[in-house]
Amino acid sequence: MAKILIIEDEIGISNFLTQGLEEEGYTIEVANNGLLGLEFALNHKIDLILLDWMLPKLPGIEVCKKIREKNTQIPILFLTAKDTIQETIEGFQAGANDYIKKPFSFEELLERIKVHFRKSTLNEVLSLGNIIINTKKHIVTSDGIIITLTQREFELLLYLVHNKGRVCSRSEIIENVWNIHFDYDTGVIDVFMNSIRKKLNINKDNDIVKTIRGVGYIANDN
């Protein structure tokens, strides 16, 4: 079964998560500060990380950034009481895959973990015009040139390509890409879309990824 690393300094939370996840069949490792968590993540085979934001010795946001420098594929889920739009964006831009606000339901956390493991099993090569996406190797190329995207940018682009030819609403995107199932400021999507367009040199009016004003986005080959 998959191995999950919990980087959390609150013993009660880490014990609760360890017990619950081990009962679900996962192998659990625990680090109680940022430096230990980072060292373990970089030197062991881990399938998913649950990462607290506020950690001693090294903040979770820095742990996330340093892990992403070495590993772009491992799912990282923030567990945090921080919930402002700016903090959420900061976490995703650091490379996090998901953002779960404390206090949280264990059942919700478990379902999100399962979602990320399902995503990681995808093995396909997709295209959008001159853009090629290799989901297994986590590589995006444009005209043959490798383009570096953050984890969240990659997932957003992948979702639009999977739904090519269909308008994807902002509420749908925030639910399926961000796994947020409640009323939420969807303006965060525009931040990531602007970054994707800049990196892939996609004009805002280009039909490859077109904005549908007041609704969302649509990806097309032409």
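The values are calculated or read from the model by the stated rules, or taken from the named source; none is laboratory data. A quick note: this is a predicted structure, and the numbers were derived from the prediction, not measured. Note that each Cβ is placed from the backbone with ideal geometry, even for glycine, and that neighbours are counted across all protein chains shown. Quick note on the areas: whole protein, heavy atoms, side chains included, nothing else; ligands and nucleic acids left out. Shrake-Rupley method; radii C 1.70, N 1.55, O 1.52, S 1.80 Å.
A few remarks follow.
- Protection proxy ranking of 50-60, 131-141, 17-27 - average other beta-carbon atoms within 10 Å, highest first: 50-60, 131-141, 17-27
- Under the simplified labelling scheme, the residue 148-residue 90 pair shows an inter-label distance of 2.2 nm, with each label point 7 Å from Cα along Cα→Cβ.
- Span-rule helices in the chain, defined as complete DSSP H runs reaching 24 Å or more along the axis (Cα) with Kyte mean at least 1.0: none
- A Gaussian network model of the chain, with springs between Cα atoms under 10 Å, assigns the largest mean-square fluctuation among 159, 184, 99 to 184.
- With q set to 0.07, 0.09, 0.10, 0.14 Å⁻¹, the log10 of I(q)/I(0) for the chain, from the Debye formula over equal scatterers at the Cα positions, is -0.22, -0.37, -0.45, -0.87.
- Contour excess over end-to-end distance, with Cα ends at residue 54 and residue 197 and 0.36 nm allotted per residue: 48.3 nm
- Its DSSP H runs of at least 4 residues, each contributing -39,500 (n - 2.57), put the calculated 222 nm mean residue ellipticity of the chain at -12500 deg cm²/dmol, to the nearest 500.
- Shape category assigned to the stretch 100-181 from the gyration tensor of Cα positions, a/c cut at 1.5: prolate
- Proximity of backbone amide H atoms, modeled 1.01 Å from N, is registered between residue 139 and 134 at under 5 Å, excluding neighbours fewer than 5 places apart on the same chain.
- Cross-link reach list, lysines versus residue 101, counting only Cα pairs under 25 Å and skipping chain neighbours closer than eight places: 3, 57, 65, 66, 82, 114, 119
- Shape of the stretch 1-71, Cα gyration tensor, a/c cut at 1.5: oblate
- Rounded, prolate or oblate (a/c below 1.5 giving rounded, otherwise prolate when a/b exceeds b/c) for the stretch 17-109 by Cα gyration tensor: oblate
- Once the chain from residue 169 to residue 210 is taken as fully extended at 0.36 nm per residue, the excess over their C-alpha distance is 13.6 nm.
- DSSP bridge pairs, the chain: antiparallel proportion in percent, nearest 5: 50 percent
- Within the accessible area of the chain (1.4 Å probe), percent carbon and sulfur: 50 percent
- Phi angles across the stretch 142-149 convert, under the Karplus curve 6.51 cos²θ - 1.76 cosθ + 1.60 with θ = phi - 60°, into 3J(HN,Hα) values of 10, 6, x, 9, 5, 10, 8, 10 Hz, Gly and Pro given as x.
- Contour minus Cα-Cα distance for residue 118 and residue 62 (0.36 nm per residue): 17.5 nm
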